[in-house]
Amino acid sequence: GIQVEQSPPDLILQEGANSTLRCNFSDSVNNLQWFHQNPWGQLINLFYIPSGTKQNGRLSATTVATERYSLLYISSSQTTDSGVYFCAVRRLNDYKLSFGAGTTVTVRA
Amino acid sequence: EAGVAQSPRYKIIEKRQSVAFWCNPISGHATLYWYQQILGQGPKLLIQFQNNGVVDDSQLPKDRFSAERLKGVDSTLKIQPAKLEDSAVYLCASSLDAPEQFFGPGTRLTVL
């Protein structure tokens with residue numbers, strides 16, 4: 001199956017700092033999603049971004065499909081940004097989302 | 001628009017007991033997915049339905065897990081009998097025509 005690697009595994013930030021999370025994948029994809037899993041376990045959709053760049057408030061994401069990676073940027077981090085961030089991809093002619101192991105972000109006040 | 005609904009939110013059972021989870025997808029979403037998320041890992045697909053037909057159940061442990069989606073809307077996932085290693089969060093997701101999936105709040109299962 002497709003391999004999805006996320007880095008770093010853990011990230012500790014001071015409130016107000018910026019950060020970049022990375023997702024590498026091993027095959028061509030037609031779907032890439034970034035999620036934030038809150039402390040209650042809910043997966044919140046951040047971006048649906050199989051290619052290109054999108055921005056939503058303090059978050060933005062870029063996927064370079066030809067080079068098989070995606071980046072999630074968090075700017076001016078807040079304590080509410082804490083949680084686990086997952087990248088998930090769907091391979092061409094496949095149905096399921098394959099998830100990375102996640103990046104655990106802790107934002108300290 | 002209402003999101004994906006799941007119940008119960010939490011369940012504690014003893015090993016060898018049975019348990020069932022319920023999912024109601026976003027209205028109009030034809031595709032429904034059940035994922036298992038073990039602590040510290042990303043979710044893993046168990047089964048996918050398109051309307052009331054199974055598209056992919058290759059990762060479903062069929063000796064103890066079963067799922068159905070009668071009438072192509074609600075779905076139930078059952079475990080019988082449960083094992084200790086089934087302790088996990090069970091997530092339901094749905095999607096429309098586009099590949100983007102939307103997840104419910106999950107059911108946290110603890111098997112003692």
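Stretch A:R108-A:R22 to full length: gain in nm at 0.36 nm per residue minus the Cα-Cα span?
Contour length minus Cα-Cα distance gives 28.9 nm.
Would you tell me the mean number of C-beta atoms belonging to other protein chains that fall within 10 Å of each C-beta in A:23-36, as a whole number?
Numbers: counts 0, 0, 0, 0, 0, 0, 1, 1, 5, 2, 5, 0, 4, 0.
If you average over the peptide's residues, the count of other-chain Cβ atoms is 1.
What residue among B:V55, B:V73, B:V89 has the largest mean-square fluctuation in a Gaussian network model of chain B, using Cα springs under 10 Å?
B:V55
Give me the count of lysine pairs in the range B:4-112 whose alpha carbons sit under 15 angstrom apart, restricted to pairs 8 or more positions apart or on different chains. Walk me through the intermediate numbers first.
Values: B:K11/B:K78; B:K11/B:K83; B:K15/B:K78; B:K15/B:K83; B:K62/B:K78; B:K62/B:K83.
Lysine pairs meeting the criterion: 6.
Which residue, A:I74, A:I12, A:I49, has the most motion in a Gaussian network model of chain A that connects Cα atoms within less than 10 Å?
Most flexible of the set in this elastic network: A:I12.
Could you tell me what fraction of 2.2 N^0.38 Å the Cα radius of gyration of chain A comes to, as a two-decimal ratio? Before the final figure, lay out each step's value.
Working: Rg = 13.3 Å, N = 109, 2.2 N^0.38 = 13.1 Å.
This ratio for chain A stands at 1.01.
Mind checking which of A:R90, A:R58, A:R68 has the largest fluctuation in a GNM of chain A, springs on alpha carbons under 10 Å?
A:R58
Give me the percent relative contact order of the range A:4-109, please, defined on Cα pairs under 8 angstrom at least 6 residues apart.
Numbers: 271 pairs, mean separation 40.4, N = 106.
Taking the mean separation of contacting Cα pairs over the length of the range A:4-109, I get 38 percent.
Quick check: the distance between the Cα centres of the range B:72-112 and the range B:32-70, to the nearest angstrom?
So the separation of the two Cα centres works out to 7 Å.
Mind checking the dipole of the range B:1-61: about its Cα centre, +1 per Lys or Arg Cβ, -1 per Asp or Glu Cβ, Debye to the nearest 20?
On the way: 5 positive and 4 negative charges, 63 e Å.
Result for the range B:1-61 is approximately 300 debye, rounded to the nearest 20.
Long-range amide H contacts for A:S82: which residues qualify at under 5 Å (H placed 1.01 Å from N, peptide plane, sequence gap of 5 or more or a different chain)?
Here the answer is A:V107, since their amide H atoms fall under 5 Å of that of A:S82.
We did not get these values from a lab; they are worked out from the coordinates using the rules stated. None of the values given here were measured: they were computed from a predicted structure. Please note: Cβ atoms are built from the backbone with ideal geometry, for glycine as well, and neighbour counts cover all protein chains shown.
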